[in-house]
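In what follows, a single structure is set out as structure tokens and then discussed.
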Amino acid sequence: MKHFSDHKKNGNSERKIWYKLDLSAIVYPTLQRRDFSSVYRLSVVLKEPIRPDILQKAVDIALVRFPTYKTAIRKGLFWRYLEPNYRPGPFVQEDIRNFCMPMPFKAGNRYLLRIYYYGCRISLEAHHSLGDGSGGMYVLQTITAVYLRLLGHEISDGYFVKDVEETPDPEELEDAYMKYANAKVCPKRPGEKTYRIRGTKEPFYTFNVIDGIMSVSEVMEVAKKYHASITEYLNSVLLYALLKKQQTEFHLKLKPVRIAMPVNLRRFFPSRTLRNFITMVYPGIDPRLGDYTFEEIINQVHHYMRYYINEKFLRGDITTNANTQRNPFIRVVPLFVKDFVVRLFYTRVQDSYSSAGLTNMGAIKVPENMKPYIERFDIYMGQPFSSRTNCAIVSFEDILTVNFASSIVESDVERLFFKKLVEDGIHVTIESNRT
């Protein structure tokens with residue numbers, strides 16, 4: 001949402017622009033700690049080494065097209081907000097091994113995004129207060145398109161590549177949650193605590209990444225054998241790995257295993273927003289009901305997805321959150337009280353709803369004349385809030401990547417996950433930043 005207010009400066013009348021945080025973005029700053037920020041990473045791997053001087057020019061040109069990403073976060077009495085950031089930057093940096101590091105709001109000239117390069121890879125890291133992965137993909141691809149043009153290549157606009165000369169559509173800046181949160185009833189959410197991995201926490205600033213690279217056609221062929229989509233199949237494999245992991249640990253009683261999976265609401269509502277527009281669903285299995293075969297897991301996940309991922313249910317879900325913000329009493333509660341309540345709810349309740357996170361960005365499309373220069377894409381959900389692993393999936397042409405990220409020493413879940421894929425006949429290439 002874009003706001004204007006008139007104020008006087010040096011005798012001249014100016015308009016002050018600021019952006020209210022969207023419904024999801026309100027939560028992320030409250031979770032900020034010295035050792036944690038809600039940061040995600042998107043990467044594109046090109047076929048030639050990156051030239052950092054040209055990349056910096058591309059960033060400077062492209063970011064002007066995305067006003068809500070060229071911002072700093074500010075704190076008011078009742079709410080936080082984003083304001084335009086005219087400071088120099090963000091500056092292109094050589095990549096680091098332990099990425100997705102905490103992002104202090106006053107560091108880096110107050111920018112909430114970082115641009116890295118290494119070899120043939122360009123990476124964008126963004127604080128979730130700016131937007132979700134779909135919004136970030138528009139920024140990354142537009143920067144990449146401008147970069148390739150500066151090298152002399154002809155690259156068209158389209159898909160995730162925006163025209164850097166055009167004025168941003170007001171719909172790109174809107175809080176789409178408040179626009180579509182108008183259901184008459186709100187469905188119940190999962191309320192039971194789930195199984196959590198007993199992992200050994202890594203030292204501060206240590207981030208473990210394991211990537212699995214495979215063929216889309218191979219994964220699709222295996223998923224079809226189970227009468228499932230790729231998303232349903234990979235969700236089921238992760239649930240299977242978590243169930244196996246729980247069975248190997250000492251426990252007085254079994255607990256349900258559940259995955260937190262973001263759903264891109266743009267698939268169901270006609271929004272063009274580049275800000276956050278996702279909600280969570282929680283496919284899961286309760287091993288207290290008995291032992292599940294993999295076929296039973298995938299059958300349950302398949303029907304869960306069909307039942308919950310639809311426009312009616314999702315509208316009800318986002319209405320629940322919107323009703324909280326619309327409450328007149330909550331609107332006038334001071335920000336420090338809101339922060340305390342939200343943080344307490346998230347740490348005591350929300351974070352305990354799931355055993356792991358999984359997001360699937362799906363098949364990434366680019367303009368036809370951009371394809372020859374791209375090898376693949378990667379996506380990372382960033383550091384988990386608590387001791388667990390997060391999984392992110394993205395594909396380009398016939399390359400599908402599964403990117404695990406965690407801040408714990410153990411990699412048992414990842415090992416069980418990829419072992420199951422190999423058992424099903426899928427060829428997997430593993431890359432990692434672990435020694």
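The values are calculated or read from the model by the stated rules, or taken from the named source; none is laboratory data. This structure is a prediction, so every number in the text was calculated from the model and none was measured. Every residue, glycine among them, receives a Cβ derived from its backbone with ideal geometry; neighbour counts consider all protein chains shown.
Descriptive notes on the structure:
- The stretch 1-22, residues that are at pLDDT below 90, within 15 Å of M178 (Cβ to Cβ) and surrounded by 13 or more Cβ atoms within 10 Å (Cβ to Cβ): M1, K2
- Of all residue pairs spaced 6 or more apart or on separate chains, those with beta-carbon atoms under 6 Å, a first member in the stretch 374-396 that is at pLDDT 95 or above and a second member that is among the basic types (K, R) and not in a strand (DSSP E or B) are E375/K47.
- Being free of Cβ contacts under 8 Å to residues at least 60 places away in the same chain and out of contact with any Cys (no Cβ under 6 Å at 6 or more places or on another chain) is true of A107.
- Evaluation of L274 against (1) farther than 16 Å from A183 by Cα; (2) in contact (Cβ under 8 Å) with a residue 24 or more places away in the chain; (3) part of a helix (DSSP H, G or I) (one fails), failing number: (3)
- Every test in (1) of a type in the set (D, E, K, R); (2) surrounded by fewer than 16 Cβ atoms within 10 Å (Cβ to Cβ); (3) modelled with pLDDT of 95 or more is passed by R114 save one, and that test is (2).
- Single condition Y86 does not satisfy, out of (1) in a loop (DSSP other than H, G, I, E, B); (2) buried (at least 16 other Cβ atoms within 10 Å of the Cβ): (2)
- A62 aliphatic (A, V, I, L, M), surrounded by 14 or more Cβ atoms within 10 Å (Cβ to Cβ) and touching a Lys or Arg at 6+ places or on another chain (Cβ under 6 Å): no
- Residue in the stretch 397-415 that is of a type in the set (S, T, N, Q), within 23 Å of the chain's Cα centre (by Cα), farther than 30 Å from A183 by Cβ and modelled with pLDDT under 85 present: no
- When the stretch 347-366 is filtered for residues that are more than 21 Å from N264 (Cβ to Cβ) and crowded, with 16+ Cβ neighbours inside 10 Å, the ones remaining, listed by number, are D351, S352, S355.
- Filtering the stretch 94-114 to residues that are assigned to a loop (DSSP other than H, G, I, E, B) and of a type in the set (S, T, N, Q) leaves only N98.
- Within the stretch 268-305, restricting attention to residues that are hydroxyl-bearing (S, T, Y), in contact with a helix residue (DSSP H, G or I) (Cβ under 8 Å, 6 or more places away or on another chain) and over 30 Å from T142 (Cβ atoms), the residue that is surrounded by the fewest Cβ atoms within 10 Å (Cβ to Cβ) is Y282.
- Elements of type strands (runs of 3 or more DSSP E) in the stretch 304-397, at least 2 residues being closer than 26 Å to Y205 by Cβ and touching a Phe, Trp or Tyr at 6+ places or on another chain (Cβ under 9 Å): 374-380, 389-396
- Scanning the stretch 135-179 for residues that are surrounded by fewer than 22 Cβ atoms within 10 Å (Cβ to Cβ) and polar (S, T, N, Q) yields S156, T167.
- Qualifying residue in the stretch 288-304 (condition: in contact (Cβ under 8 Å) with a residue 60 or more places away in the chain and of a type in the set (K, R)): no
- Whichever residue in the stretch 70-104 is charged (D, E, K, R) and without any contact (Cβ under 8 Å) to a residue 60 or more places away in the chain and, among such residues, is farthest from S406 (Cα to Cα): R87
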